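Single-structure report; data block below.
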Amino acid sequence: MVIVHVLLALVVLAVLVAANWYLWRRLFRDTTAGPGRARRTGVVVIAGGWILAVGALVAERAGAPFWLQRVLAWPGFLWLALSVYLLLAV
């Protein structure tokens with residue numbers, strides 16, 4: 001049973017990584033002439049958004065202080081919604 005959960009988690013993680021790589025590629029790599037500030041900014045935006053989203057989920061589940069949950073929740077959950085809409089739009 002544990003193996004099934006681990007495999008499911010790996011599949012979900014692979015789908016998330018592939019979807020975010022696809023977003024970065026379509027929004028930043030394909031629209032710029034070459035490596036530079038715009039591509040690095042895209043990496044920071046996408047990775048930072050997911051760090052905030054995971055932080056918001058972990059803070060909520062772990063029972064972190066309310067102020068920390070509130071600080072992480074707005075940008076974190078907003079990024080979750082925005083990433084789904086971006087993926088659907090692209």
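The values are calculated or read from the model by the stated rules, or taken from the named source; none is laboratory data. Predicted model, so just to flag it, every value in this text is computed and none were measured. Heads up, the Cβs are rebuilt from the backbone with ideal geometry, glycines too, and the neighbour counts pull from every protein chain shown. Areas reflect the complete protein model, heavy atoms only, side chains present, ligands, DNA and RNA absent. Shrake-Rupley method; radii C 1.70, N 1.55, O 1.52, S 1.80 Å.
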message: All but one of (1) part of a helix (DSSP H, G or I); (2) open to solvent by 60 Å² or more (accessible area, probe 1.4 Å) hold for TRP79; state the number of the condition that does not hold.
response: (2)
- request: Taking only region 39-68 into account, find how many residues are open to solvent by less than 60 Å² (accessible area, probe 1.4 Å), over 21 Å from TYR85 (Cβ atoms) and part of a helix (DSSP H, G or I).
  value: 3
field: Breaking point among (1) touching a Leu at 6+ places or on another chain (Cβ under 9 Å); (2) not in a helix (DSSP H, G or I), for THR32
entry: (1)
